[in-house]
Amino acid sequence: ILLEALLEAMDEYYSVDLAENVKRGMAERLSRGEPVSAPPYGYQMRQGRLEEQKQEAETVRWLFTHYAAGASYRELSQQLNAAGCKTKRGNPWQPRAVAYVLHNPVYVGSMRRKINGGWELIPGSHQPLVDKALWQRAQKGGQASTRRIYEKRENPFILQGLLRCGTCGSPMVRAARGRLQCGAYAHGRCTVSHSVAEQRVKHLMVALLSTALGD
């Protein structure tokens, strides 16, 4: 019994010690500006360092240029999907994937790590894909990109789950400025916008109910 308890204690100590060693190793690599995870879109790993992946890097520069010029996440994702471009994992682009690329400081030559709930930027050892001027313009956002796609409200939409897109059949969801939009369109999976004012839908519903009830 004592021997078994001793072996279990040694296993637990080894596990904790290994985890601490891994953390120290990752922190050391980050302090030198070296990557500690899989290469992001636009880069490839070679001998433990990030190197430009030519075709993906061109896509990254295209994203930054057009976003800084005013294109939205949804518009950019739709154009990439229409061109047959895929993400690093071979999936279609979605607005949130575009946003992740556009706000990742790795593309301007920095690495980041989370400390005490916040992000710390560290100069990287890799070559940036965009210059600082373009990066700063992109961080300010395009004219439509920084608006919230959805609004979270306490009162649910009365036709939630019932009102559908006439093109793809996806549910209509609340969008910015009191409008309804196809949920798939907002994520780049539907090609036709069916944006409509929520108040107009409510008035139409009241009118239909009044007619049906003979009022």
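The values are calculated or read from the model by the stated rules, or taken from the named source; none is laboratory data. Everything numeric in this text was worked out from a predicted model, so none of it was measured. Every residue, glycine as well, gets a Cβ built from its backbone with ideal geometry; the counts of neighbours run over all protein chains shown. Just so you know, the surface numbers come from the protein's heavy atoms only, side chains and all, with ligands and any DNA or RNA stripped out. Shrake-Rupley method; radii C 1.70, N 1.55, O 1.52, S 1.80 Å.
What FRET efficiency would be calculated for the residue pair Gln136, Arg46, taking the C-beta separation as r and a Förster radius of 25 Å, to the nearest 0.05?
0.30
Compute the separation of the alpha-carbon centres of segment 7-21 and segment 62-102 and state it in Å as a whole number.
44
Enumerate the calculated ³J(HN,Hα) couplings along segment 68-81 in order (Karplus 6.51 cos²θ - 1.76 cosθ + 1.60, θ = phi - 60°), each rounded to whole Hz, writing x wherever the residue is Gly or Pro.
In residue order, the calculated couplings are 5, 7, x, 5, 9, 4, 5, 4, 5, 5, 5, 5, 5, 5 Hz.
Report the accessible area of Cys85, computed with a 1.4 Å probe over the heavy atoms of all protein chains in place, in Å² rounded to the nearest 10.
Cys85 exposes around 30 Å² with every protein chain in place.
Quote to one decimal, in nm, the extra length available between Arg200 and Ala83 on full extension: 0.36 nm per residue of separation minus the C-alpha distance between them.
This chain segment gains 38.5 nm when fully extended.
Stretch Leu2-Leu208 to full length: gain in nm at 0.36 nm per residue minus the Cα-Cα span?
66.2 nm
At R0 = 41 Å, how high is the FRET efficiency between Leu18 and Val192 if r is their beta carbon distance? Nearest 0.05 is fine.
0.15
Once you have the Cα-Cα distance between Cys168 and Asn104, take 0.36 nm times their residue separation minus that, and quote the gain in nm to one decimal.
19.8 nm
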